[in-house]
Amino acid sequence: EKYDVIMMGHIDTVQPVDYSKVYPFHIEDHLAHGPGISDMKCGTLAMLYIMKELSQDTLDSLSIGLLMNCDEEISSRYTEPLTRSIAKKTDIAFIMEGGTNDGRHTIKRKGTATYKIKFNGLACHAGQILVQPNANALVEMGRWAVEIYKLNNKETGFSANCGMCSSGHA
């Protein structure tokens, strides 16, 4: 099947389970607030309203598809093959990502790369850490995190983030 137009969005969010209890949905000054509101929920809602407003003649004359991705926040590792196969059969695609907090439209998305860096330290009692220089892997990891953060460049649009870290023994 060929599509004249596809509107795409994602329905996952980066918020942890039960985050809505901490930051519940609410409307204030005609603005919606809550988990994922800007990050695609407005785009998902826009798709529904666009479809609702299209005339029957338009709906009869165009093949329009809505594609919802359920794993965009983890780099679409499961839905990428489906998205690629549909894209090959589509003339026009609209990615319905929400705008920024200051009202600008999202006109492009950056790619991602994920790296795992492992730091090994020396097992020693906290009282002995001064005797064992450079023993603490967490301290070295912190140094790297600071240097990685320095790579962020607003002019070029390059961004780097150290997201998940752990240390110690269970």
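Based on what the data block shows, is Gly43 touching a Leu at 6+ places or on another chain (Cβ under 8 Å) and surrounded by 13 or more Cβ atoms within 10 Å (Cβ to Cβ)? Show your work before the answer.
Numbers: touching a Leu at 6+ places or on another chain (Cβ under 8 Å): no; surrounded by 13 or more Cβ atoms within 10 Å (Cβ to Cβ): yes.
When the stated conditions are applied, Gly43 does not pass them.
I'm told Arg143 meets every condition in (1) of a type outside the set (A, V, I, L, M); (2) at pLDDT 80 or above; (3) surrounded by 10 or more Cβ atoms within 10 Å (Cβ to Cβ); (4) within 24 Å of Ile74 (Cα to Cα) except one. Can you identify the failing condition by its number?
Unmet condition: (4).
Taking segment 90-139, which residues are at pLDDT 80 or above, in a loop (DSSP other than H, G, I, E, B) and surrounded by 13 or more Cβ atoms within 10 Å (Cβ to Cβ)?
If the condition is that a residue be at pLDDT 80 or above, in a loop (DSSP other than H, G, I, E, B) and surrounded by 13 or more Cβ atoms within 10 Å (Cβ to Cβ), then Met96, Glu97, Phe119 are the ones that fit.
Does Leu66 satisfy being among the aliphatic types (A, V, I, L, M) and surrounded by 15 or more Cβ atoms within 10 Å (Cβ to Cβ)? Please lay out each step first, then the result.
Values: among the aliphatic types (A, V, I, L, M): yes; surrounded by 15 or more Cβ atoms within 10 Å (Cβ to Cβ): yes.
Against the criterion (among the aliphatic types (A, V, I, L, M) and surrounded by 15 or more Cβ atoms within 10 Å (Cβ to Cβ)), Leu66 qualifies.
Is at least one residue of segment 42-65 modelled with pLDDT under 90 and touching a helix residue (DSSP H, G or I) at 6+ places or on another chain (Cβ under 7 Å)?
no
Just to be sure I understand the filter: pairs with C-beta atoms under 6 Å, separated by 6 or more residues or on different chains, first member in segment 1-25 and closer than 11 Å to Glu73 by Cα, second member open to solvent by 60 Å² or more (accessible area, probe 1.4 Å) and assigned to a loop (DSSP other than H, G, I, E, B). Which pairs pass?
Ile11/Cys70; Asp12/Cys70
Filter segment 1-29 down to the residues that are within 19 Å of Leu48 (Cβ to Cβ), in a loop (DSSP other than H, G, I, E, B) and either open to solvent by less than 50 Å² (accessible area, probe 1.4 Å) or out of contact with any Ser or Thr (no Cβ under 9 Å at 6 or more places or on another chain) (or both) and list them by number. It would help to see each step written out before you state the result.
We begin by selecting, within segment 1-29, every residue within 19 Å of Leu48 (Cβ to Cβ); these are 3-13, 25, 27.
Cutting the leftovers down to in a loop (DSSP other than H, G, I, E, B) gives us 11-13, 25.
Of everything in segment 1-29, those that are within 19 Å of Leu48 (Cβ to Cβ), in a loop (DSSP other than H, G, I, E, B) and either open to solvent by less than 50 Å² (accessible area, probe 1.4 Å) or out of contact with any Ser or Thr (no Cβ under 9 Å at 6 or more places or on another chain) (or both) turn out to be Asp12, Thr13, Phe25.
State yes or no: is Ala87 loosely packed, with under 14 Cβ neighbours inside 10 Å, at pLDDT 80 or above and out of contact with any Phe, Trp or Tyr (no Cβ under 7 Å at 6 or more places or on another chain)? I'd like the intermediate steps shown before the answer.
On the way: loosely packed, with under 14 Cβ neighbours inside 10 Å: yes; at pLDDT 80 or above: yes; out of contact with any Phe, Trp or Tyr (no Cβ under 7 Å at 6 or more places or on another chain): yes.
For Ala87, the condition - loosely packed, with under 14 Cβ neighbours inside 10 Å, at pLDDT 80 or above and out of contact with any Phe, Trp or Tyr (no Cβ under 7 Å at 6 or more places or on another chain) - is met.
For segment 1-55, give me the residue count where each residue is among the aliphatic types (A, V, I, L, M) and on the phi > 0 side of the Ramachandran plot. Talk me through it step by step, then tell me what you get.
The initial filter retains those residues of segment 1-55 that are among the aliphatic types (A, V, I, L, M), namely 5-8, 11, 14, 17, 22, 27, 31-32, 37, 40, 45-48, 50-51, 54.
Okay, now just the ones that are also on the phi > 0 side of the Ramachandran plot, so 40.
Of the residues in that region, 1 qualify.
The values are calculated or read from the model by the stated rules, or taken from the named source; none is laboratory data. What you are looking at is a predicted structure, and each value in this text was computed from that prediction instead of being measured. Every residue, glycine as well, gets a Cβ built from its backbone with ideal geometry; the counts of neighbours run over all protein chains shown. The accessibility values were calculated without ligands, DNA or RNA, using every heavy atom of the protein model including side chains. Shrake-Rupley method; radii C 1.70, N 1.55, O 1.52, S 1.80 Å.
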